[in-house]
Amino acid sequence: MLNSMRSKRLNGLHLTGCNAGPMARLPPKYSDEDWDFNNKVKLRITCDQERLAERIMEESRRVMDDVNDTTRNWQREVEHQMRERASEIRFLCDELNKQKKTALLEDEALNTYRMRILNAIGFLKEKSLAICQRCLVLREGRLGVDLCEDEVDRSLRCELKVIKGCQCLMDKALKETNEQLRRLRATMYSLDKDLSQKDKSLMIDEKNLTLRGSQREMGASDLAHHHCQYSLSEWQHTTYKNLETNARELNSAAQLRAYVDLLLKQVCEDMQNQTDRTNEAFARRIAEQRHVKACLENKHNDTMNHIHEVQQNLQLLEKEICDKNRAQQLCLTRLGNRATRPGVELTCDEVQDALYHELEALKASLCKLNTKVQENKASLRYLMHVQVMQEEEINIKANSIKIDEVDCMTIRQALKYQSF
């Protein structure tokens, strides 16, 4: 149609010559048919476009209603899921917080038990071991035959062995307690990390629940860089694994505390029993030494009395010897005087015989008295040697009693074992 109208308009141009261009003339006029036809065409096009627009708008409203319904349904579903998710996270957070509080209490209890073990180790090292070794060193200061391996020495060495055994048990318990504290704190770290992540996730979901489409300044993120890395089963497995691990460590810690309680009680009983046995050995040894010392002192008194008696006997013997010397001198003087008799008077009469017999008797008596003097002097020397020996033994026993009763038993009074 338009082509025919264009041809009609070209037909209205007037050409002049072969190569000449068209001359300017008045624009051609359309016919009434053209005008009528053009109006009908334009009207029909307009009606068609209006109907198309109405149909598109109607479909658009229907699509918008469908989209709005779908959006509202999905938003309600998402909000419901977020509420369910938030409720589940809150429940798990409560469980994690309960486990964390229990773990904190258990950590504090384990620290208390660790300090008890350290106190026991310190007491065994600074008191028990030092005092036992000090007693052994002090008893090396005994003198003479008292420096022997007696019951007290054996008890002290047995006590030293018990102390070292208890130290080994305490060191092992300390290592186990430190390891249990490390594992418990590792689980507490996992709980804290999980709890922190869940708190942040809960805060995000609660914030999302408060968001509405009418709010402004809502930023959109690039989902390509925020894809989910874990599945729901992995998330649940991680949380329940942390809870199970913490529960297992709490159970292990409780069992360890019970073991440490029993161990400390047993160590106290063993050390107290051994200390009592050693103290009883000291008491018996001190009583024996006191008894021997008392016997030696009694014998020393008897020896001193015997020395005094022998000394008195020597004085009597010397006096008797002196008397016999004078009697002998008298007899010799008489014999000398009778030797000066004149002439026939110088006869060996009865008097002369008696004087000779008296002189012989005096010589024999002097010989016997001198023998007894020598015997008494020898006995006196032996008695004085015994006296010195007794005094040395008494001093040895006194030194041993001082070491055991004063030095050792005084410092051993600090060995009082109670529950650490």
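The values are calculated or read from the model by the stated rules, or taken from the named source; none is laboratory data. None of the values given here were measured: they were computed from a predicted structure. When we count neighbours, we look across all protein chains shown, and the Cβ atoms used for this are built from the backbone with ideal geometry, even at glycine. Only protein heavy atoms, including side chains, enter the accessible area calculation; ligands, DNA and RNA are left aside. Shrake-Rupley method; radii C 1.70, N 1.55, O 1.52, S 1.80 Å.
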Notebook entry, point to check: Using alpha carbon coordinates only, what is the Rg to Rh ratio of the chain, with Rh defined as the Kirkwood radius?
Noted result: 1.77
Next item on the list: Could you please report the charge total around G165, scoring K, R as +1 and D, E as -1 over all other residues with beta-carbon less than 14 angstrom from its beta-carbon?
Entry: +1
Notebook entry, point to check: Hey, how much of the P(r) for region 236-358 falls beyond 17 Å, as a percent of Cα pairs?
Noted result: 81 percent
Checklist line | Within the accessible area of region 329-395 (1.4 Å probe), percent carbon and sulfur | finding: 60 percent
Next item on the list: Using the Cα centre as the reference, give the magnitude of the dipole from point charges on the C-beta atoms of region 275-356 (Lys, Arg: +1; Asp, Glu: -1; all else neutral), rounded to the nearest 20 debye.
Entry: 360 debye
Note to self: Take the residue pairs K164/K402; K100/K172; K164/K265; K125/K172; K324/K363; K299/K319 and return only those whose Cα atoms are more than 19 Å apart.
What the structure shows: K164/K402; K100/K172; K299/K319
Checklist line | Rh (Kirkwood; distinct C-alpha pairs) - region 275-420, Å | finding: 21.0 Å
Check: Ignoring any ligand, DNA or RNA, what whole percent of the accessible area of region 71-192 comes from carbon and sulfur when the probe is 1.4 angstrom?
Finding: 55 percent
Margin query: Compute the distance from the alpha-carbon center of region 124-180 to that of region 267-337, in whole Å.
Written below: 42 Å
Next item on the list: Would you mind calculating the relative contact order of the chain from Cα pairs under 8 angstrom and at least 6 residues apart, reporting the percent as a whole number?
Entry: 24 percent
Item checked: Computed magnitude of the charge dipole of the chain (debye, nearest 20; Cβ of K, R +1, Cβ of D, E -1) -> 1740 debye
Note to self: Please give me the summed charge of the neighbours of N68: other residues whose Cβ is under 13 Å from its Cβ, Lys and Arg +1, Asp and Glu -1.
What the structure shows: +1
Check: Once Lys and Arg get +1 and Asp and Glu get -1 on their Cβ, which of T303, I403, T102 lies farthest toward the positive end of the dipole of the chain?
Finding: T102
Next item on the list: Using packing as a proxy for protection, rank 254-266, 130-142, 341-353 so that the peptide with the highest average count of other Cβ atoms within 10 Å comes first.
Entry: 130-142, 254-266, 341-353
Checklist line | Exposure of I394 as accessible area (Å², to 10), given a probe of 1.4 Å and all protein chains | finding: 30 Å²
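Hey, can you find the accessible area per residue of the chain for me, probe 1.4 Å, expressed in square angstrom?
For the chain, the solvent-accessible area averages 69 Å² per residue.
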Next item on the list: Compute the signed sum of charges (Lys and Arg +1, Asp and Glu -1) over the other residues within less than 14 Å, Cβ to Cβ, of S87.
Entry: -3
